[in-house]
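The values are calculated or read from the model by the stated rules, or taken from the named source; none is laboratory data. Predicted model, so just to flag it, every value in this text is computed and none were measured. Glycine gets a Cβ as well: all are built from the backbone with ideal geometry, and neighbour counts include every protein chain shown.
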Amino acid sequence: METIPVNQPLLNPSALRYVEECIRSGWISSEGRFIQEFEAKWADYCGMPHGIAVSNGTAALELAVGCLGLQPGDEVILPTFTIISCAMAVIRAGAVPVLVDSDPRTWCLNVDEVGAKITSRTRSIMPVHMYGHPADMDPILVLARNNDLSVIEDAAEAHGAECGGRKAGGIGDLGCFSFYANKIITTGEGGMVLARSADHAERIRSMRNLCFRKDRRFYHTEMGHNYRLTNLQAAVGLSQVEAIDEHVRRKRWMGKAYTERLRDLSQIELPVEEGSAKNVYWMYGVVLTDEAAYDATEFAVRLRKEGVDTRPFFTGMHEQPVFQSRGLFGGESYPVAERLARRGLYLPSGLGLTEAQLERVCAAVRMVLS
Ligand SMILES: Cc1ncc(COP(=O)(O)O)c(C=O)c1O
């Protein structure tokens, strides 16, 4: 029996033409027309004025936090339930990550907890749009405005998702994206920061490229990074942006098809589309309820035996040994995130998933849970 993979990218014929152009012209590093076109098209799609392409989503987060000029002891509020890149970006900027729990339905940060965590040291809020569902941005923007905080969206998992008609990653001050191979649009490895202010954009462009000074080559007054994307990758990226509507359409078809077929099962909770959100179902997650006899690890093993590949949900930042050993998050507990980590996984969600494969996944889920 063939195993249905959890993901596979959907590459388009124009990618071949664009990459061929890079190779024929010799523009293969981080200079070339595809970088600018990819940046401009993605920023425009998300409704932001500036796009800075970088080598991956982790680098995007690092530069977005880095451009704020945080001081030691400054605080950034973020969900515990996310990828480690978010907390690392804050720590690498010399600041302190302050955690909040997740909303049990959307799995994004629980906005009601953010206000209580704001102190005189808070500088920024980092909402993460989880598995395709956008965080509830309006109350976050109000808190940010009232407390003079910046908002850094992590939209790595939510290309094309919307909150009240605005695109994820285009709502706050800075929006971060990953274009890893499992993302809705991909460059293999890659990322981008979208910036609302020209100052932030300029600073990020400089930090991306070793902080070379414009007035004197090889003379530096600050330390930067080499987080450049190549023209070859941007060529693939441009072809992907051109197909974004089709990619989002496929994901939403998949999300709705899974929900229709699984909604009667009392042993699992399914993704939602809350309020004014448009969910793009980056990955179709399910969370085992108390009615299920086992946890997500065992569920994954049993699905695997039926030829269905899955991935576990994130383990919260407060449960990460690497942070606990640095004395961070001692004694903190976030019950929703802890439950998601133990009882959540996602099903095959690739852009090329066929209806027959989806039916097979649903039959396996039903069989394993029965
Ligand atoms: C929410 C989120 N942020 C950031 C990243 C980091 O992206 P990358 O793997 O491109 O570094 C990921 C990776 O999948 C992610 O899921």
- line: All-but-one check, M223 against (1) surrounded by fewer than 19 Cβ atoms within 10 Å (Cβ to Cβ); (2) closer than 28 Å to I152 by Cβ; (3) in contact (Cβ under 8 Å) with a residue 24 or more places away in the chain; (4) in contact with a Cys (Cβ under 8 Å, 6 or more places away or on another chain), failing number (3)
task: Could you please find all residues in the range 184-199 being over 15 Å from P134 (Cα atoms), surrounded by 19 or more Cβ atoms within 10 Å (Cβ to Cβ) and within 16 Å of the ligand (Cβ to nearest atom)?
output: I185, T186, T187, G190, G191, M192, V193, L194
- request: Return yes when K167 is among the basic types (K, R), more than 14 Å from the ligand (Cβ to nearest atom) and at pLDDT below 95 and no when it is not.
  value: no
message: Going residue by residue through the range 89-102, is there one that turns out to be within 14 Å of the chain's Cα centre (by Cα), within 18 Å of Y346 (Cβ to Cβ) and either free of Cβ contacts under 8 Å to residues at least 24 places away in the same chain or within 15 Å of the ligand (Cβ to nearest atom) (or both)?
response: no
message: Checking the structure you have, find out if any residue of the range 237-250 is under 27 Å from R366 (Cβ atoms) and touching a residue at least 60 places away in the same chain (Cβ under 8 Å).
response: yes
task: List the number of the failed condition for D215; all other conditions in (1) touching a strand residue (DSSP E or B) at 6+ places or on another chain (Cβ under 9 Å); (2) away from the ligand (no atom under 16 Å from the Cβ) hold.
output: (1)
- prompt: Name the residues in the range 161-199 that are of a type in the set (D, E) and either farther than 30 Å from T310 by Cα or free of Cβ contacts under 8 Å to residues at least 40 places away in the same chain (or both), would you?
  reply: D173, D199
- prompt: Within the range 257-292, which residues are closer than 27 Å to P139 by Cα and polar (S, T, N, Q)?
  reply: S276, N279
task: Only one of these is in contact with a Lys or Arg (Cβ under 8 Å, 6 or more places away or on another chain) and either within 12 Å of the ligand (Cβ to nearest atom) or not in a strand (DSSP E or B) (or both): A156, A135. Name it.
output: A156
task: Return the only residue of G115, G160, G132, G94 being surrounded by fewer than 17 Cβ atoms within 10 Å (Cβ to Cβ), modelled with pLDDT of 95 or more, over 22 Å from S333 (Cα atoms) and of a type outside the set (S, T, N, Q).
output: G94
message: I'd like the full set of residues that are surrounded by fewer than 22 Cβ atoms within 10 Å (Cβ to Cβ) and within 11 Å of P5 (Cβ to Cβ), limited to the range 338-365.
response: G350, G352, Q357
query: Scanning for something under 17 Å from M130 (Cα atoms), in contact with a His (Cβ under 8 Å, 6 or more places away or on another chain) and hydroxyl-bearing (S, T, Y), does the range 60-80 turn up at least one residue?
result: yes
- request: Looking only at the range 225-246, decide whether some residue is out of contact with any Pro (no Cβ under 6 Å at 6 or more places or on another chain), closer than 26 Å to R92 by Cβ, in a helix (DSSP H, G or I) and within 12 Å of the ligand (Cβ to nearest atom).
  value: yes
task: Go over the candidates S55, S14, S30, S25 one by one and state the one that is farther than 16 Å from A87 by Cα, of a type in the set (S, T, Y), within 16 Å of the ligand (Cβ to nearest atom) and surrounded by fewer than 22 Cβ atoms within 10 Å (Cβ to Cβ).
output: S55
Failed criterion for G175 (all others in (1) among the small types (G, A, S); (2) farther than 21 Å from W42 by Cβ; (3) under 19 Å from the mean Cα position of the chain (by Cα) hold): (2)
query: Conditions: (1) closer than 23 Å to V96 by Cα; (2) surrounded by 15 or more Cβ atoms within 10 Å (Cβ to Cβ); (3) without any contact (Cβ under 8 Å) to a residue 40 or more places away in the chain. V142 meets all but one. Number of the miss?
result: (2)
task: Determine if the range 252-269 includes at least one residue that is among the small types (G, A, S), touching a helix residue (DSSP H, G or I) at 6+ places or on another chain (Cβ under 8 Å) and modelled with pLDDT of 95 or more.
output: yes
- prompt: Failed condition for L174, given (1) closer than 23 Å to Y284 by Cβ; (2) within 16 Å of the ligand (Cβ to nearest atom), with all others met?
  reply: (1)
